[in-house]
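Student: I'd like to ask you about the structure that follows.
Read-outs throughout are calculated quantities, based only on the coordinates presented, and are distinct from any laboratory measurement. Bear in mind that the values here come from a model prediction, so they are computed numbers and not experimental data. Quick reminder, even Gly has a Cβ in these numbers, built from the backbone with ideal geometry, and neighbours come from all protein chains shown.
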Amino acid sequence: MAVAETGEEILARAQELAPRLRERSEEIERLRRLPEDVVAMMRDAGVFRMGFGRDRGGPEMTSEQQTRVVEALAHGDASAGWCAMIGMSPRRQWDVLSAGGTMEDLTPHERAALPLSRLHAFRTARSIVTRLYDLVQTASIYRPSPLDRWLRDTTTMCRHVVAQDRILQTAGAYLLGGAPAFPLALGITR
């Protein structure tokens with residue numbers, strides 16, 4: 001398989017992977033990690049290069065395009081989508097840091113963008129799964145279904161430090177000129 005060069009190619013390959021990931025979801029759940037061949041399929045599809053600029057051998061995809069790839073993978077398996085999401089990075093941050101700059105070289109809005117977008121993505125995913133659980137009603141309790149795993153996974157994601165209220169409070173304080181309560185979330189180390 002040739003290397004995917006464009007964002008459109010990577011998205012198409014991610015969409016092609018979704019059914020294969022769905023077939024492997026029980027195995028992924030049992031292992032509690034992505035099997036090596038699944039990681040290789042995602043790598044071959046270009047998923048782990050999607051956040052890189054052309055100067056780094058990537059397709060220079062926007063955050064919106066990257067999110068579509070993550071969504072396509074998550075349709076197959078939520079864990080695969082999660083692993084792809086971890087590699088997402090706003091282009092400007094990558095440019096500044098790879099050129100030898102520091103987080104100090106980013107504007108307050110640029111520093112707050114990534115933690116806030118992750119917080120929003122995690123909470124939105126949990127909200128959607130919770131709503132699905134409610135819509136399925138009693139069947140969600142008495143029949144085996146992927147909803148159980150999705151509910152557990154999205155709830156777990158929202159317990160992660162990057163999805164806590166203090167991220168929102170920290171970003172808000174920082175953007176309003178105050179002292180952030182959890183500065184490390186914004187890359188502030190001193």
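Student: Towards the positive end of the charge dipole of the stretch 7-88, with charges on Cβ (+1 Lys, Arg; -1 Asp, Glu), say which of P59, F48, A72 has the farthest Cα.
Tutor: Farthest towards the positive end: F48.
Student: Net charge within 11 Å of A163 by Cβ-Cβ distance, Lys/Arg positive one each and Asp/Glu negative one each, not counting A163 itself?
Tutor: On the way: positive: R118, R123, R126, R159, R166; negative: D165.
Here the charged neighbours net out to +4.
Student: How high is the relative contact order of the stretch 7-88, given as a whole-number percent (alpha carbon pairs under 8 Å, six or more residues apart)? Numbers along the way, then the final one.
Tutor: Working: 100 pairs, mean separation 31.8, N = 82.
Once normalised by length, the contact order is 39 percent.
Student: Based solely on its DSSP helices, what 222 nm [θ] is calculated for the chain when runs of n ≥ 4 H residues each add -39,500 (n - 2.57) and the sum is averaged over all residues, nearest 500 deg cm²/dmol?
Tutor: Working: 9 runs with 123 residues, N = 190.
Estimated from H runs of four or more residues: -21000 deg cm²/dmol.
Student: Can you run phi through the Karplus equation (6.51, -1.76, 1.60; θ = phi - 60°) for the stretch 105-115 and list ³J(HN,Hα) in whole Hz, with x for Gly and Pro?
Tutor: Those phi angles translate into 7, 8, 6, x, 5, 5, 5, 7, 4, 5, x Hz.
Student: Let me ask something else. Using packing as a proxy for protection, rank 27-35, 112-120, 70-78 so that the peptide with the highest average count of other Cβ atoms within 10 Å comes first. Before the final figure, lay out each step's value.
Tutor: Details: 27-35: 13.1, 112-120: 18.0, 70-78: 22.1.
In decreasing order of mean packing, 27-35, 112-120, 70-78 become 70-78, 112-120, 27-35.
Student: In debye to the nearest 20, how big a dipole does the chain give about its Cα centre with +1 on each Lys and Arg Cβ and -1 on each Asp and Glu Cβ? Numbers along the way, then the final one.
Tutor: Numbers: 25 positive and 24 negative charges, 124 e Å.
Charge dipole of the chain: 600 debye, to the nearest 20.
Student: Just how large is the dipole of the stretch 7-64 about the Cα centre, in debye to the nearest 20, putting +1 at every Lys and Arg Cβ and -1 at every Asp and Glu Cβ? Present the calculation step by step, with values, prior to reporting the outcome.
Tutor: Values: 11 positive and 13 negative charges, 41 e Å.
Approximately 200 debye in magnitude.
Student: Roughly how many nanometres apart are two label points built 7 Å out from the Cα toward the Cβ at R143 and R43?
Tutor: Computed distance between label sites R143 and R43 equals 4.0 nm.
Student: If you stretched the chain out fully between T62 and A181, how much longer would it get, using 0.36 nm times the residue separation minus the C-alpha to C-alpha distance? Kindly include the intermediate steps, with their values, before the conclusion.
Tutor: Working: separation 119, 0.36 × 119 = 42.84 nm, distance 3.00 nm.
Here the segment from T62 to A181 would lengthen by 39.8 nm.
Student: Can you tally the net charge around L175? Count Lys and Arg as +1, Asp and Glu as -1, for every other residue whose Cβ sits under 13 Å from the Cβ of L175.
Tutor: On the way: positive: R111; negative: E110.
Net of charged neighbours comes to 0.
Student: Determine ³J(HN,Hα), in whole Hz, for all residues of the stretch 174-187 in sequence, where each value follows from phi through the Karplus function 6.51 cos²θ - 1.76 cosθ + 1.60 and θ = phi - 60°; x replaces Gly and Pro.
Tutor: My calculation for the stretch 174-187 gives 5, 5, 8, x, x, 8, x, 6, 10, x, 4, 4, 9, x Hz in order.
Student: Oh, and also: Using the Karplus equation 6.51 cos²θ - 1.76 cosθ + 1.60 (θ = phi - 60°), what ³J(HN,Hα) coupling, rounded to whole Hz, does each residue of the stretch 163-172 give in order, writing x for Gly and Pro?
Tutor: Once θ is set to phi - 60°, the couplings for the stretch 163-172 become 10, 8, 4, 5, 5, 5, 5, 5, 4, x Hz.
Student: Order these by the 10 Å Cβ neighbour count, fewest first: S79, S98, S145.
Tutor: Exposure proxy ranking, most exposed first: S98, S145, S79.
Student: Another question, then. Which residue, A80, A125, A40, tops the fluctuation ranking in a GNM of the chain built on C-alpha contacts under 10 Å?
Tutor: Of A80, A125, A40, the Gaussian network model singles out A40 as fluctuating most.
Student: Something else now. Identify the residues of the stretch 40-82 with backbone N under 19 Å of a label point that sits 7 angstrom from the Cα of E5 along the Cα-to-Cβ direction, or state none.
Tutor: 44-62
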